[in-house]
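This report concerns only the one structure given below.
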Amino acid sequence: MDLNLNVIKDRAELLFLLHEAAEFEHSVMCSYLYAAMTLKSSSDEGVTEEELTVIKGWRKKIRIVALEEMLHLSLVNNLLAAFGSAPHFSRPNFPIPTGRFPANIQLNLSPFNESTLQHFMALEKPLGIDIPEGIAFRHLPHYHREVRRDLYSPTPTDYPSQGYLYHTIGNGIDFLAEKLGEDVLFSGNSQSQVGNAQFPLPGLFAVTDIESAHKALEEIVIQGEGSPGHIEDSHFAMFRDILDEYKKLKIARPGFEPARLATVNPRLVDLLNRNEGTQITDPLAMRVVDLGNCLYTLMLHTFVQVFSPNPLPLKMRTELAKAATLIMYALSDIGNISTSLTLKREGGLMTAGLSFEIPGSIGQLAQNCAAQLLAERANELLALTRDIEKIISLPEVADNLESALKILTKVHIDFEDHFALVMAERQTAP
């Protein structure tokens, strides 16, 4: 495929593609987390202690990859901010409709197994390397996204890998910098971007010019697929190594099954009435997954405030990031527990799993009461957690959520009361 086939013609198209990149990174992150959550955590689940040690290593590696996908999502949002856009943390719910991403890219919430690992390698494949899809993904329908050159509006286009998408974005940045001028293109408020000072995520930095924009794109591509001469530290190589280890353990003991029998694309609701995915009907599983989805949404709303296009005070953003991280820990624990719960009311061996359902879009909250609203929701979810704990143990979930609640409450007292006072003074000023 010609890397220059789809030329970005204006800022609207650049932002359009960056929004898709953000949704792709976000969706991939959820796919990786789900697979990690399905891994067994005890020798009581039919694995040996030696096998369990390897499984724990796999879980750690996949979580590292997911964390780096969070870095990629953050860098894409910094690019959006650099070009004058608000952050974009929304994405399509699973199962993602055919054609929502390019034709040869299918994203699901799938349990850890050989097919899923092969699929992850295909997602992260380096340029010039042909990787077959996982068996479970090969029969899925593909959809060709037609390039509409007759329209001035931005339209989706196909690309065979993430590297192609980011190459197109990089070329577009160079073209628009020459067309508009670098200062005009990078017209966003640099103070609204997030770096290590606000969110201590290794590799996170602000994008302020062409050089830092290309550095961000390079960071994303190289972490995923590796550089042309070195891919050993890439996501692709990590999944390849996990797959090799899995095959060796499977040969040593054919009955080896490292993951629970979690379903593909679990769901609580079917808002679009597509009859896709698998409905969770067991009452306890429904309550736990519902709590997990609520925690996930609360975490996203909190991160959106950290990336606020109207810059908040550094200390405030740092504290909001701490609260979001604590909610993320609680979410991870709920996700692990959810894959141990029966999927259907009538029983059976199949288990549930976190569905990462987002109700509506994830937009910014009003700045003078955002932490107050986030704290209110955290308090409601803390009560729900304690209610569920009467039936099943949820280790550390309540503790992390309570710590996040304290931070959000303090942020409101320390900052938002002042915002409200300043706004009131401005309204009454002559």
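What number, in percent, do you get for the relative contact order of the chain if the mean sequence gap of Cα pairs under 8 Å and at least 6 apart is divided by its residue count? Spell out each step's value before the answer.
Numbers: 677 pairs, mean separation 77.9, N = 430.
Once normalised by length, the contact order is 18 percent.
Which value in deg cm²/dmol, rounded to the nearest 500, describes the helix-derived mean residue ellipticity at 222 nm for the chain, given -39,500 (n - 2.57) per DSSP H run of n ≥ 4 and division by the residue count? Could the numbers behind the result be given before it?
Numbers: 13 runs with 227 residues, N = 430.
Calculated mean residue ellipticity at 222 nm is -18000 deg cm²/dmol.
Please list, in chain and number order, the residues 5+ apart from residue 188 or on another chain whose amide H is under 5 Å from its amide H, with Hs placed from the backbone.
HN-HN under 5 Å from residue 188: 83, 84.
Probe of 1.4 angstrom, ligands and nucleic acids ignored: what's the accessible area per residue over the chain, in square angstrom?
Accessible area per residue, the chain: 44 Å².
Pull up all non-local amide H partners of residue 278: gap of 5 or more, or a different chain, and H-to-H distance under 5 Å with H placed in the peptide plane.
Here the answer is 267, since their amide H atoms fall under 5 Å of that of residue 278.
Tell me which residues come under 5 Å, amide H to amide H, from residue 351 once H is placed; ignore anything under 5 positions away on its chain.
It is 261, 262, 263, 343, by chain and number.
Figure the gain on full extension for residue 349 and residue 261 (residue separation times 0.36 nm, minus the Cα-Cα span) and round it to one decimal in nm.
Taking residue 349 through residue 261 to full extension adds about 31.0 nm, to one decimal.
Can you classify the range 180-221 as rounded, prolate or oblate using the Cα gyration tensor, where a ≥ b ≥ c are the square roots of its eigenvalues, rounded means a/c under 1.5, and otherwise it's prolate if a/b beats b/c and oblate if not?
Numbers: a/c = 3.80, a/b = 1.40, b/c = 2.71.
The shape class here is oblate.
The values are calculated or read from the model by the stated rules, or taken from the named source; none is laboratory data. Because the structure is predicted, anything quoted here is derived from the model rather than measured. Keep in mind that these areas ignore ligands, DNA and RNA; they rest on the heavy atoms of the full protein, side chains included. Shrake-Rupley method; radii C 1.70, N 1.55, O 1.52, S 1.80 Å.
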